[in-house]
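For reference, the structure is listed below as C-alpha coordinates.
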Amino acid sequence: MPEPTADEPILLEPILKARIWGGGRLRTVFQNGKTDGAGPIGEAWLTSDRADTSSRVAAGTYAGLALGERIAIDPAAVYGALQPPARFPLLVKWIEACDVLSVQVHPSFEQARKLGETDAGKMEAWVVIDAEPGARLIRGFQPGTTRYEIESTIDAGTLERHLKWVNVAKGDAVFVAPGIVHAIGAGLVLLEVQNNSDTTYRFFDW
(Lines give C-alpha, C1' and ligand atoms only; values in the text may rest on other atoms or scores of the structure.)
Protein backbone atom coordinates (compact mmCIF):
# COMPACT_ATOMS: atom_id res chain seq x y z
CA MET A 1 0.00 0.00 0.00
CA PRO A 2 1.41 3.45 -0.89
CA GLU A 3 2.69 5.73 1.85
CA PRO A 4 0.43 8.69 2.72
CA THR A 5 1.48 12.14 1.68
CA ALA A 6 1.54 14.91 4.26
CA ASP A 7 -0.61 17.23 2.15
CA GLU A 8 -3.42 14.74 1.48
CA PRO A 9 -6.37 15.48 3.78
CA ILE A 10 -8.56 12.69 5.14
CA LEU A 11 -11.93 13.40 3.52
CA LEU A 12 -14.76 11.29 4.95
CA GLU A 13 -18.17 10.31 3.56
CA PRO A 14 -21.09 11.56 5.69
CA ILE A 15 -23.37 8.86 7.07
CA LEU A 16 -27.04 9.92 7.12
CA LYS A 17 -28.97 8.35 10.01
CA ALA A 18 -32.75 8.00 9.82
CA ARG A 19 -34.55 9.20 12.93
CA ILE A 20 -38.30 9.62 13.52
CA TRP A 21 -37.74 13.20 14.72
CA GLY A 22 -35.58 14.17 11.72
CA GLY A 23 -36.34 16.26 8.65
CA GLY A 24 -35.11 16.87 5.12
CA ARG A 25 -32.35 19.47 5.48
CA LEU A 26 -29.41 17.16 6.16
CA ARG A 27 -30.06 15.13 3.02
CA THR A 28 -29.87 18.38 1.07
CA VAL A 29 -26.71 19.61 2.82
CA PHE A 30 -24.88 16.26 2.60
CA GLN A 31 -25.95 15.06 -0.83
CA ASN A 32 -22.94 12.73 -1.07
CA GLY A 33 -23.86 10.99 2.18
CA LYS A 34 -24.65 7.30 2.54
CA THR A 35 -28.12 6.70 4.03
CA ASP A 36 -28.42 4.36 7.00
CA GLY A 37 -32.07 3.40 7.61
CA ALA A 38 -35.41 4.47 6.17
CA GLY A 39 -37.34 7.61 7.04
CA PRO A 40 -36.49 11.26 7.74
CA ILE A 41 -32.82 12.04 8.39
CA GLY A 42 -32.10 13.21 11.91
CA GLU A 43 -28.31 12.92 12.04
CA ALA A 44 -25.36 13.20 9.66
CA TRP A 45 -22.32 11.49 11.15
CA LEU A 46 -19.20 13.23 9.84
CA THR A 47 -16.48 11.50 11.88
CA SER A 48 -17.11 8.09 13.38
CA ASP A 49 -14.77 5.27 14.36
CA ARG A 50 -17.23 2.79 15.84
CA ALA A 51 -17.58 -0.91 15.16
CA ASP A 52 -21.23 -0.52 14.13
CA THR A 53 -20.80 2.70 12.13
CA SER A 54 -17.44 3.65 10.67
CA SER A 55 -16.72 6.67 8.49
CA ARG A 56 -14.96 5.84 5.24
CA VAL A 57 -12.44 7.85 3.26
CA ALA A 58 -14.28 9.57 0.42
CA ALA A 59 -11.42 10.36 -1.97
CA GLY A 60 -7.69 10.15 -2.54
CA THR A 61 -5.17 7.35 -2.25
CA TYR A 62 -7.10 5.52 0.49
CA ALA A 63 -10.66 5.98 -0.75
CA GLY A 64 -12.96 3.34 0.73
CA LEU A 65 -10.90 2.61 3.83
CA ALA A 66 -12.57 2.89 7.24
CA LEU A 67 -11.36 5.81 9.36
CA GLY A 68 -9.59 3.50 11.80
CA GLU A 69 -7.84 1.68 8.96
CA ARG A 70 -6.68 4.98 7.47
CA ILE A 71 -5.33 6.25 10.79
CA ALA A 72 -3.50 2.97 11.40
CA ILE A 73 -1.42 3.54 8.25
CA ASP A 74 0.09 6.69 9.76
CA PRO A 75 -1.12 7.26 13.35
CA ALA A 76 1.53 9.91 14.01
CA ALA A 77 -0.12 12.14 11.41
CA VAL A 78 -3.23 12.26 13.61
CA TYR A 79 -1.89 11.80 17.16
CA GLY A 80 1.67 13.05 16.87
CA ALA A 81 3.89 11.57 19.60
CA LEU A 82 0.91 10.43 21.71
CA GLN A 83 0.12 6.75 22.14
CA PRO A 84 -2.71 6.08 19.64
CA PRO A 85 -5.98 5.12 21.35
CA ALA A 86 -7.89 2.00 20.33
CA ARG A 87 -10.19 4.16 18.21
CA PHE A 88 -10.58 7.81 17.26
CA PRO A 89 -11.87 9.46 20.47
CA LEU A 90 -14.48 11.84 19.03
CA LEU A 91 -17.79 11.42 17.24
CA VAL A 92 -18.83 14.47 15.22
CA LYS A 93 -22.30 14.83 13.77
CA TRP A 94 -24.98 17.25 12.60
CA ILE A 95 -28.46 16.91 14.11
CA GLU A 96 -31.78 18.17 12.76
CA ALA A 97 -34.63 18.01 15.26
CA CYS A 98 -38.18 18.60 14.03
CA ASP A 99 -39.58 17.42 17.36
CA VAL A 100 -38.38 17.45 20.99
CA LEU A 101 -35.97 14.59 21.69
CA SER A 102 -36.03 12.44 24.81
CA VAL A 103 -34.42 13.74 28.01
CA GLN A 104 -31.10 11.95 28.50
CA VAL A 105 -28.10 11.85 30.79
CA HIS A 106 -24.60 10.41 30.33
CA PRO A 107 -22.16 9.11 32.95
CA SER A 108 -18.57 10.23 33.36
CA PHE A 109 -15.73 7.88 32.40
CA GLU A 110 -15.31 6.86 36.05
CA GLN A 111 -19.04 6.28 36.55
CA ALA A 112 -19.26 4.20 33.37
CA ARG A 113 -16.44 1.97 34.63
CA LYS A 114 -18.10 1.55 38.04
CA LEU A 115 -21.41 0.69 36.39
CA GLY A 116 -19.73 -1.96 34.24
CA GLU A 117 -20.50 -0.29 30.92
CA THR A 118 -18.65 -1.71 27.94
CA ASP A 119 -18.57 1.75 26.36
CA ALA A 120 -16.92 4.81 27.90
CA GLY A 121 -18.51 7.76 29.62
CA LYS A 122 -19.60 10.72 27.56
CA MET A 123 -19.66 14.49 27.40
CA GLU A 124 -20.80 16.56 24.46
CA ALA A 125 -21.05 20.08 23.11
CA TRP A 126 -23.49 21.65 20.66
CA VAL A 127 -23.08 24.56 18.27
CA VAL A 128 -26.37 25.90 16.91
CA ILE A 129 -26.17 25.92 13.11
CA ASP A 130 -29.74 27.16 12.64
CA ALA A 131 -32.73 27.77 14.89
CA GLU A 132 -36.36 28.59 14.26
CA PRO A 133 -37.74 31.57 16.23
CA GLY A 134 -38.39 30.52 19.80
CA ALA A 135 -36.27 27.36 19.55
CA ARG A 136 -34.99 26.05 22.86
CA LEU A 137 -33.35 23.08 24.49
CA ILE A 138 -33.10 21.49 27.93
CA ARG A 139 -29.97 21.69 30.08
CA GLY A 140 -30.32 20.70 33.70
CA PHE A 141 -33.06 21.18 36.31
CA GLN A 142 -34.64 24.29 37.74
CA PRO A 143 -32.68 25.51 40.80
CA GLY A 144 -33.80 23.87 44.02
CA THR A 145 -35.32 20.78 42.41
CA THR A 146 -35.12 17.81 44.76
CA ARG A 147 -34.62 14.14 44.04
CA TYR A 148 -38.11 13.40 45.39
CA GLU A 149 -39.64 15.91 42.98
CA ILE A 150 -37.74 14.37 40.07
CA GLU A 151 -38.78 10.82 40.92
CA SER A 152 -42.42 11.66 41.64
CA THR A 153 -42.91 13.78 38.50
CA ILE A 154 -41.29 11.14 36.29
CA ASP A 155 -43.87 8.65 37.57
CA ALA A 156 -46.66 11.19 37.04
CA GLY A 157 -45.40 12.25 33.60
CA THR A 158 -44.99 15.86 34.71
CA LEU A 159 -41.20 16.15 34.90
CA GLU A 160 -41.19 19.03 32.42
CA ARG A 161 -42.05 21.56 35.15
CA HIS A 162 -38.64 20.93 36.76
CA LEU A 163 -36.53 20.99 33.60
CA LYS A 164 -34.49 24.07 32.70
CA TRP A 165 -35.36 25.24 29.20
CA VAL A 166 -32.82 27.48 27.45
CA ASN A 167 -33.63 29.70 24.47
CA VAL A 168 -30.96 29.43 21.77
CA ALA A 169 -30.15 31.10 18.47
CA LYS A 170 -27.81 30.53 15.56
CA GLY A 171 -24.17 30.65 16.67
CA ASP A 172 -24.79 29.71 20.30
CA ALA A 173 -22.62 27.00 21.88
CA VAL A 174 -23.76 24.74 24.73
CA PHE A 175 -21.56 22.37 26.76
CA VAL A 176 -23.18 19.29 28.33
CA ALA A 177 -20.99 17.71 31.00
CA PRO A 178 -21.61 14.16 32.27
CA GLY A 179 -24.46 14.03 34.77
CA ILE A 180 -26.42 16.95 33.29
CA VAL A 181 -29.85 15.99 31.97
CA HIS A 182 -30.47 17.45 28.53
CA ALA A 183 -32.62 17.33 25.43
CA ILE A 184 -32.69 18.99 22.04
CA GLY A 185 -35.84 20.93 21.24
CA ALA A 186 -37.74 21.18 17.98
CA GLY A 187 -36.68 23.53 15.18
CA LEU A 188 -32.93 23.16 15.67
CA VAL A 189 -29.98 22.16 13.52
CA LEU A 190 -26.89 21.50 15.64
CA LEU A 191 -23.28 20.46 15.25
CA GLU A 192 -22.53 17.98 18.04
CA VAL A 193 -19.04 16.99 19.17
CA GLN A 194 -18.99 14.16 21.71
CA ASN A 195 -16.81 11.44 23.13
CA ASN A 196 -16.84 8.33 20.96
CA SER A 197 -19.37 6.57 23.17
CA ASP A 198 -23.00 5.47 23.09
CA THR A 199 -23.47 5.24 26.86
CA THR A 200 -26.82 7.01 27.18
CA TYR A 201 -29.53 6.74 29.83
CA ARG A 202 -32.95 7.85 28.68
CA PHE A 203 -34.29 9.86 31.61
CA PHE A 204 -37.73 10.82 30.32
CA ASP A 205 -39.70 10.62 27.09
CA TRP A 206 -42.65 12.69 26.02
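Observations on the model:
- Accessible area per residue, Å², the stretch 80-190 with all protein chains present, probe 1.4 Å: 54 Å²
- For the stretch 15-54 versus the stretch 75-130, the inter-centroid distance based on Cα atoms is 17 Å.
- Segment residue 151-residue 130, length gained on full extension (0.36 nm per residue, minus Cα span): 4.2 nm
- Helix-derived mean residue ellipticity, 222 nm - over the chain, DSSP H n ≥ 4, -39500 (n - 2.57), to 500: -3500 deg cm²/dmol
- Of the residues 135, 46, 115, the one whose Cα sits farthest toward the positive end of the charge dipole of the chain, with +1 on the Cβ of Lys and Arg and -1 on the Cβ of Asp and Glu, is 135.
- FRET E, pair residue 108, residue 34, Förster distance 30 Å, beta-carbon r, rounded to 0.05: 0.35
- Taking every lysine pair in the chain that is 8 or more places apart or spans two chains, those with Cα atoms closer than 16 Å amount to 5.
- Of all accessible heavy-atom area on the chain, the percent that carbon and sulfur account for (1.4 Å): 54 percent
- Rounded to 10°, Cα long-axis angle of helix 147-156 versus longest principal axis of the chain: 90 degrees
- Two-decimal ratio, the stretch 119-205, of alpha-carbon radius of gyration to 2.2 N^0.38 Å: 1.15
- The stretch 14-73: C-alpha gyration tensor shape, a/c 1.5 cut-off, then a/b vs b/c: prolate
- Calculated accessible area for the stretch 1-70 comes out at 55 Å² per residue, all protein chains present (probe 1.4 Å; ligands, DNA, RNA ignored).
- 3J(HN,Hα) along the stretch 48-61, derived from phi through the Karplus expression 6.51 cos²θ - 1.76 cosθ + 1.60 where θ = phi - 60°, amounts to 9, 10, 10, 4, 8, 8, 10, 5, 10, 5, 8, 7, x, 4 Hz, with x in place of Gly and Pro.
- Unit Cα scatterers, Debye sum, the stretch 1-134: log10 I(q)/I(0) for q = 0.12, 0.20, 0.21 Å⁻¹: -0.60, -1.27, -1.31
The values are calculated or read from the model by the stated rules, or taken from the named source; none is laboratory data. Since the model is a prediction, treat every value here as computed from it, not as a measurement. Every residue, glycine as well, gets a Cβ built from its backbone with ideal geometry; the counts of neighbours run over all protein chains shown. Just so you know, the surface numbers come from the protein's heavy atoms only, side chains and all, with ligands and any DNA or RNA stripped out. Shrake-Rupley method; radii C 1.70, N 1.55, O 1.52, S 1.80 Å.
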